[in-house]
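Everything on this sheet refers to the single structure shown next.
Only the coordinates and a few stated rules stand behind these numbers; no lab work does. Small disclaimer: the values here were computed from a predicted structure and weren't measured. Please note: Cβ atoms are built from the backbone with ideal geometry, for glycine as well, and neighbour counts cover all protein chains shown.
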Amino acid sequence: MTPVLELANLSASYGPFRALFEVDLAVGEGEIVALLGANGAGKSTIARVISGLVSPSGGVMRLAGRPTVGWSAVRLRRAGVLHVPEGRGIFSSLSVEQNLILALAGESRRRRRMLVEEACARFAILGERRNQRAGSLSGGQQRLLSLAAALVDPPKILVADEISLGLAPNVLDEVYAALGALAAAGTALVLIEQQTTRAVDLADTAVVLHHGRVVYSGPPTEATAALAAGLSGPGSTPG
Ligand code: ATP
């Protein structure tokens, strides 16, 4: 079956600095790919290429088989690609509920109400604090709010960049349960994580990056070994 998202032989640079070398990656409908690797390996650059913030210098990206060469971030977003970047990305002076409403600005009033109720039910911690100023939440709860705001209207492809960073274990449980439910409903997920345990448990496939190259692609359980073994090189890539 044609993958929902595919990167083929993809390279990217920041000026003279080459960040990605001939990266191959494919994600099917409802599939979860964990993108792993050390600091500076190129994970966020892949996220930026997928969401159109960085243009590839070589190779191609395809959405459902269709090349997206020259597509803007807005066009990719309209096509169903959602990137939740590192950091919080919420409006701290607004309430939790107002943040969710803002994420639904294009929807009818009635649908907005319904989707906000759904988000508050899905993330109980946010439901309890819906009238609280978002800036008064803990860092982890703010992160959860940014995810909830992104998920009120489920995308075709979600790229989550270090979503678990700084989350308390109970919040992390909520986040990962939501990600699992999202994939079960058909969203293709690229989970970028440095803390690999959760991602490896949830993912169908893992891709390990090292200095901008894919050094492993295959079952998540073996990816941990590939990472731990100090990334033994391109020879470790099965198939
Ligand atoms: P981290 O977990 O630290 O974000 P990462 O695996 O996501 O790491 P990237 O952020 O993709 O790595 O960075 C890959 C390489 O590109 C690094 O060497 C980084 O210094 C470089 N880089 C990233 N962003 C830029 C930029 N805007 N300009 C120049 N170089 C950059």
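The fewest-to-most ranking of 55, 13, 44 by surrounding Cβ atoms within 10 Å reads 55, 13, 44.
Across region 138-162, the residues whose backbone nitrogen lies under 19 Å from the label position 7 Å along the beta-carbon direction of residue 64 are 153-159. Using θ = phi - 60° in the Karplus curve 6.51 cos²θ - 1.76 cosθ + 1.60, the 3J(HN,Hα) couplings for region 20-34 round to 10, 10, 6, 7, 10, 7, 9, 10, x, 4, x, 8, 10, 10, 8 Hz; x is entered for Gly and Pro.
Amide H to amide H, with H built 1.01 Å from N, residue 94 comes under 5 Å of 134, 135, counting only residues 5 or more places away or on other chains. Converting phi to 3J(HN,Hα) with the Karplus coefficients 6.51, -1.76 and 1.60 and the offset θ = phi - 60°, region 166-175 yields x, 8, 5, x, 5, 5, 4, 4, 4, 4 Hz in sequence order, with x at every glycine or proline. Can you work out the FRET efficiency for the pair residue 168 and residue 78, with r the C-beta to C-beta distance and R0 = 35 Å, to the nearest 0.05? E(calc), rounded to 0.05, equals 0.50.
Extending 7 Å from Cα along the Cβ direction at residue 109 and again at residue 92 yields two label points whose distance is 3.3 nm.
So, R0 is 35 Å and r is the distance between the beta-carbons of residue 181 and residue 8; what FRET efficiency does that work out to, to 0.05? Efficiency at R0 = 35 Å is approximately 0.75. Take every Cα pair under 8 Å whose residues are at least 6 apart in sequence, average their separation, divide by the length of the chain, and the relative contact order is 27 percent.
Taking the charge dipole of the chain about its Cα centre, with +1 at Lys and Arg Cβ atoms and -1 at Asp and Glu Cβ atoms, the residue from 114, 137, 218 reaching farthest to the positive side is 114. Under 5 Å between amide hydrogens, built in the peptide plane, is the criterion, and for residue 59 it picks out 11 among residues at least 5 positions away or on other chains. Each residue of region 115-128 is assigned a 3J(HN,Hα), and the resulting list reads 5, 5, 4, 4, 5, 5, 6, 5, 10, 4, 4, 6, x, 5 Hz, derived from the Karplus form 6.51 cos²θ - 1.76 cosθ + 1.60 (θ = phi - 60°), x at Gly and Pro. Note on the chain: with a GNM built from Cα contacts shorter than 10 Å, the maximum mean-square fluctuation among 99, 131, 170 falls on 170. With both residues required to sit in region 5-229, DSSP beta bridges show an antiparallel share near 55%.
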